[in-house]
Amino acid sequence: MNALGARAASVLTGLATAIVIVALAILPFLTPQWVSFEQGRANAAAWTGFTTPELNTITGSILSDLVFGPPDFRVAVAGDPVLDDRERGHMRDVRTVFTGLFLLAAASGVVLVLASRRTGRAATWRAVRRGASGLAVAIVALGAVALVAFDALFEAFHEVLFPAGSYDFDPATERLVQLFPFQFWQETAIVVGVVIVAGCVVVAAAAGPRARRALRRAAPPPALAPAAHGTSP
């Protein structure tokens with residue numbers, strides 16, 4: 001492989017590493033257990049007026065539609081729909097984003113498997129380490145911004161991922177932002193960031209020694225000293 005091809009392979013391996021770490025870190029937060037816990041902290045029951053059992057049923061249904069589909073989001077309480085058409089549309093957009101992320105993560109997993117079969121194992125492990133380290137730095141930088149401007153960061157995130165006007169809900173009247181209040185997202189973002197950085201540290205710490213071992217195995221054996229000629233006196 002020429003130098004340009006090797007460089008491209010390393011960059012692709014690093015990006016694939018970062019994408020897989022992010023996707024795996026997000027998975028625990030798509031569970032009813034986390035959502036219920038964080039809704040309790042954000043006082044979603046008071047925002048919505050639903051009882052705790054009703055709240056658990058509603059969010060369980062929304063999560064099921066989000067993760068498994070079909071993406072109807074037509075959960076109802078006493079026959080009344082919880083979400084209106086625009087809220088359901090936004091949740092379908094959210095599902096599209098998650099589907100794209102996990103398809104990209106699956107493709108990235110394939111890239112990492114192929115990279116593991118490269119001749120230059122040391123280069124592969126160094127690329128994995130750089131991908132994890134770069135992601136950690138990016139998340140820490142975003143976390144620093146979020147400490148002083150989470151609102152602006154949250155808005156920018158939505159502007160990038162969703163159509164304009166599809167995500168600005170009124171917490172006084174619309175259930176989606178009552179079910180998932182601002183505190184819910186703020187605290188979830190913090191914990192997700194911590195999990196991502198922890199995953200990066202583990203991957204980088206594992207990849208470094210593997211790169212060094214692969215480099216030692218690939219190194220040529222030391223040359224033997226030439227045999228002496230003649231006989232000793």
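Here is how the numbers come out for the structure above:
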quantity: Odd one out for Phe157 among (1) in contact with a helix residue (DSSP H, G or I) (Cβ under 6 Å, 6 or more places away or on another chain); (2) free of Cβ contacts under 8 Å to residues at least 40 places away in the same chain; calculated: (1)
quantity: Any chance Gly143 is farther than 29 Å from Phe182 by Cα and assigned to a helix (DSSP H, G or I); calculated: no
quantity: Options Phe157, Phe162; residue that is exposed (fewer than 15 other Cβ atoms within 10 Å of the Cβ), modelled with pLDDT under 95 and of a type in the set (Phe, Trp, Tyr); calculated: Phe157
quantity: Failed criterion for Leu104 (all others in (1) touching a residue at least 60 places away in the same chain (Cβ under 8 Å); (2) buried (at least 17 other Cβ atoms within 10 Å of the Cβ) hold); calculated: (2)
quantity: Residue that is surrounded by 15 or more Cβ atoms within 10 Å (Cβ to Cβ), assigned to a helix (DSSP H, G or I), touching a residue at least 60 places away in the same chain (Cβ under 8 Å) and over 25 Å from the mean Cα position of the chain (by Cα), where the choices are Ala136, Ala122; calculated: Ala122
quantity: Test for Glu187: is it touching a helix residue (DSSP H, G or I) at 6+ places or on another chain (Cβ under 7 Å) and either surrounded by fewer than 18 Cβ atoms within 10 Å (Cβ to Cβ) or modelled with pLDDT under 95 (or both); calculated: yes
quantity: Selection within region 71-92 - without any contact (Cβ under 8 Å) to a residue 60 or more places away in the chain and either touching an Asp or Glu at 6+ places or on another chain (Cβ under 6 Å) or closer than 20 Å to Ser166 by Cβ (or both); calculated: Pro71, Asp72, Phe73, Arg74, Val75, Val77, Pro81, Asp85, Arg88, Arg92
quantity: Tally, over region 162-191, of residues that are over 20 Å from the mean Cα position of the chain (by Cα), closer than 27 Å to Ala141 by Cβ and of a type in the set (Ser, Thr, Tyr); calculated: 1
quantity: Any hit, region 165-175, residues being of a type in the set (Ser, Thr, Tyr), without any contact (Cβ under 8 Å) to a residue 60 or more places away in the chain and either on the phi > 0 side of the Ramachandran plot or assigned to a loop (DSSP other than H, G, I, E, B) (or both); calculated: yes
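The values are calculated or read from the model by the stated rules, or taken from the named source; none is laboratory data. The shown structure was predicted, so the numbers you read here are calculated from the model rather than taken from an experiment. Here the Cβ is made from the backbone with ideal geometry for all residues, glycine too, and neighbour counts use every protein chain on show.
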